[in-house]
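Working notes for the structure below.
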Amino acid sequence: MMPTSIQQSKQWKKSSEKWKELYHHYEKHKKAIKERLQEFKQVRDEKKTFREICFCILAANTSSKMASRVMNGVGEVIFTGSEQEIRERLHALSCRFYNKRAEYIFLARNVPIKFERDYLAENIKGFGYKESSHFLRNMGHSDYAILDKHVLRAMQEFGIIKKIPTMNKKNYLILEKKLKLFSKYLNISMDELDFVLWSRKSGEILK
């Protein structure tokens, strides 16, 4: 059972080797994490904002590394190409699920962008709460949980959850609330904690 307050968090024992490793990882990578988060706060024009939408579409259920590689080679076709032209370009770049991702990118061009998670999850095909949170974080917005497999497994490891539930809106918000409590207990911001938990498993600090 997840503690409901900081005072009830006795199951989180900071003296254990696991805790020491977590804090060591945070201290070791704190500078790089803060620099990455600062990059996200840079002002973006409309074109760069749409590129971030495309990046998050590509990263869903794959990896940030693959999404970055594809975005580095995709060029202007995401802005001006037909769905078929986008599909062909993604295929040429060895993008996974290129058919669906081409469709999602093409359709996203006609969606007005609002920096609201519910709106994004409901209006951009290929976006759920995780992708919407990822996009908002990458656009400089704070305090969202990006609950990918690395973070969810870390939540299990530290006793925040017993098992990983089916991920729907209700469960996502419940887990996000639990992670925020854990963040306060650690005295590490939510944005930094996401990078700490993610990079412990992936070995990298990517976007």
For segment 46-138: span of alpha carbons on each principal axis (Å, largest first): 33, 25, 21
Top of 138, 187, 61 by mean-square fluctuation, Gaussian network on the chain, Cα under 10 Å: 187
Length gained when the stretch residue 164-residue 68 is fully extended (0.36 nm per residue, less Cα-Cα span): 31.8 nm
Helical mean residue ellipticity (222 nm; -39500 (n - 2.57) per DSSP H run of 4+; nearest 500) of the chain: -19500 deg cm²/dmol
Calculated FRET value between residue 187 and residue 84, using beta carbons and R₀ = 45 Å, to 0.05: 0.30
Selection from 86, 98, 115, by position along the positive dipole direction of segment 46-138 (Cβ): 98
All aspartates and glutamates inside 17 Å of residue 130 as judged from Cα atoms, apart from same-chain residues fewer than 8 positions distant: 52, 116, 118, 122, 143, 148, 176, 191, 192, 194
Rounded to 10°, Cα long-axis angle of helix 46-59 versus longest principal axis of the chain: 70 degrees
Angle in degrees between helix 64-74 and the longest Cα principal axis of the chain, rounded to the nearest 10: 20 degrees
Among 92, 154, 145: highest mean-square fluctuation, GNM of the chain, C-alpha pairs under 10 Å: 92
Of 30/100; 100/149; 125/184; 20/177; 18/125, those spanning more than 30 Å from alpha-carbon to alpha-carbon: 30/100; 125/184; 18/125
Charged-residue dipole, Cβ positions (Lys, Arg, Asp, Glu), segment 46-138 about Cα centre, Debye nearest 20: 320 debye
Listed residues 152, 71, 168: farthest to the positive end of the dipole of the chain (Cβ charges): 152
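On alpha-carbon atoms, Rg over Rh for segment 115-194 using Kirkwood Rh?
Across segment 115-194, the Cα-based Rg/Rh ratio is 0.95.
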Cα-derived Rg to Rh of the chain, Kirkwood definition: 1.00
Size of electric dipole in the chain: Cβ of Lys, Arg +1 and of Asp, Glu -1, about Cα centre, debye, nearest 20: 800 debye
Extension gain, residue 150 back to residue 35 (0.36 nm per residue minus Cα-Cα distance, nm): 39.3 nm
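What's the longest uninterrupted piece of the chain once you rule out the GluC sites (Glu not before Pro) that are loop residues per DSSP with at most 15 other Cβ within 10 Å? Can you show the working numbers first?
Numbers: sites that count: 76, 116, 204.
Between exposed loop sites, the widest span is 117-203.
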For the chain, built as a Gaussian network whose Cα springs stay under 10 Å, the top-fluctuating residue of 126, 140, 81: 81
Helix axis angle, 98-108 relative to the chain longest principal axis, alpha carbon, degrees: 90 degrees
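Every number in this text was worked out from the coordinates using simple rules, so none of it is lab data. All figures in this text were calculated on a predicted structure; none of them were measured in a lab. All Cβ positions, even for glycine, are placed from backbone atoms using ideal geometry, and neighbour counts span all protein chains on display.
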